[in-house]
Every structure is written in C-alpha cells, then in structure tokens.
Amino acid sequence: MLAKEKRRIAWMLAIVVVAALAFLRLRPAHLNPVSTSTHYVMTFAGDDMMQGYGASSAAHTVVNQLGELRPNWWIRNYSVAGASVSGSPQLPPMNASNVVPLLGDPVVVFLGSNDWMFDTPIPVFRVDYIKFIHTLDYLHPHVICVTPIWRTDDGKENRAEYKLDDYRKEIAEICTSDGHPVIDGSPLVPHDPGNYLDGIHPNDTGYADYARNLAQALDKFLNR
C-alpha cells in the first residue's frame, strides 16, 4: 500500500513538472523571466515629449516603443505636459522628491525645453536644475541627463534672450561636473518638420526615430 502511494505521488510530481515546463515553453517570450544581469528598472523624468503628446496612440510613444526595442528595460515614466525645473506662473516646477521614491536605476532626466519656452533666465534655470539633480543624487548616483530634442523654433531667442542651445549647454555642464552622463538630445529626432505634429511635439514618425536613437544612446551607459 505504501509503495502504491509513493508511485502515485511520484506521478503527480512528474505531471506538475511537465506542465510547468510546457507553460514556460509556450507562453510569449516577453513574459519569460529576464536575466537579472540585463534587467533594468528605470525612471524617466520628463515633459510633453516623453509623456507622448503628439503620438496617435500609446503604442507610438517613446516609452512603449522602448519597451519593444529593449524588453529588459522596465520604465517607470514620471513625465507630464508642461514639466520644467523652474516652473511658470501657471505651472509648478517638477518636484524631484517625487521621482526619488520610484527607485529607478538609472533615473533619466528629460527637462529644459519648457524652461526655454517659459522664458526662464539661464541663471535661475541653472540653480533650479542643480537642485533637481542633487535631490536625485541623494539616493540615485546613476543619473543620466538628456538635453532637449530639436524643435522647429530651435535657434530663436525666447523673451529672456536665450536660445534653446543655451539650456542644453547648462545641462551638459551641470551634469558633467556632477559626474553624470549626458546625452545630446538634439540629434535624437531628425531635424525635419515632417517628423513633428506642431513643430514642437514629434509625430509617430518622429517618435519612432526618437525611441530608436535614444535606445542606442542609453546602451552606452548600461551594462548589457
């Protein structure tokens, strides 16, 4: 009787093992566990473009396309239209303290375009950007700074008499001096108005280029 019970348990265990192996074999590849050596939980802190404004659907946003291009990246997207480091009379600045608890590593920052549009003077922008980055530094030594992408009014001065390139230079200087990698955002979307919905926000074509070029740029700073 005991021997029969042992055989029954052995058969049950065998069935469970076979079923588990079949499940892992047949389910979609993107649901299979990713090696911890290549798995990144990342936080994006950005504005309209990283939120995906201008895309025809969620599938065409940068973050979703990055998920297809790099399935081992899990992105927590803390991006919202109008986000800036200095704010405006209508909108408060992005609070870096709200980004820290998301515990992404790295934290990738995409800010500056709205600060230019809000006519923030460079000295004010510099102080606020430094505060933002230093808040992230508190828990996240791995921060990557991305300067603003190209827009059709690039090269023009705002009412504070600064060009968007002036903000790019400040970001690059701040992050480099702080020991953080910097990605030049200007070439990530080709400088063609046909890639934009309204001259500011990319369309589906522009977002496809943005995602592909950003993935390649970030690869340089991640161990795969």
Cβ-based charge dipole, the stretch 37-219, positive-most Cα from L139, A45, P187
L139
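What does the charge add up to near G87, with Lys and Arg as +1, Asp and Glu as -1, over the other residues with Cβ less than 13 Å from its Cβ? Please report the intermediate quantities before stating the final value.
Values: positive: K131; negative: D47, D115, D119, D128.
Charge balance in the 13 Å sphere: -3.
Given the peptides 46-52, 65-71, 108-114, arrange them by the average over their residues of other C-beta atoms within 10 Å, most packed first. List each step's numbers first, then the result.
Working: 46-52: 23.7, 65-71: 17.0, 108-114: 26.3.
Averaged packing, sorted descending, gives the order 108-114, 46-52, 65-71.
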Taking R0 as 22 Å, what's the FRET efficiency between H134 and L103 from their Cβ-Cβ distance, rounded to 0.05?
0.80
Taking a crude spin-label model, label points 7 Å out from Cα along the C-beta direction, the S56 to K220 distance in nm is 3.2
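Peptides 194-204, 78-88: what's the order by average Cβ count within 10 Å, highest mean first?
78-88, 194-204
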Under a straight-distance cross-link criterion of Cα-Cα below 12 Å, which aspartates and glutamates are reachable from K163, leaving out those fewer than 8 residues away in the same chain?
D115, D119, D153, D154
Between R159 and V41, with labels modelled 7 Å along Cα→Cβ, what's the label distance in nm to one decimal, could you check?
4.3
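What percentage of all Cα-Cα pairs in the stretch 37-219 are separated by more than 22 Å? Please list the in-between numbers first.
Values: 6657 of 16653 pairs.
In whole percent, the share of Cα-Cα pairs in the stretch 37-219 beyond 22 Å is 40.
Read the figures in this text as sums done on the coordinates, not as results from a lab. Note that the structure is predicted; figures quoted are calculated from it, not measured. A quick note on method: Cβ atoms are made from the backbone with ideal geometry, for glycine too, and the neighbour counts reach across all protein chains shown.
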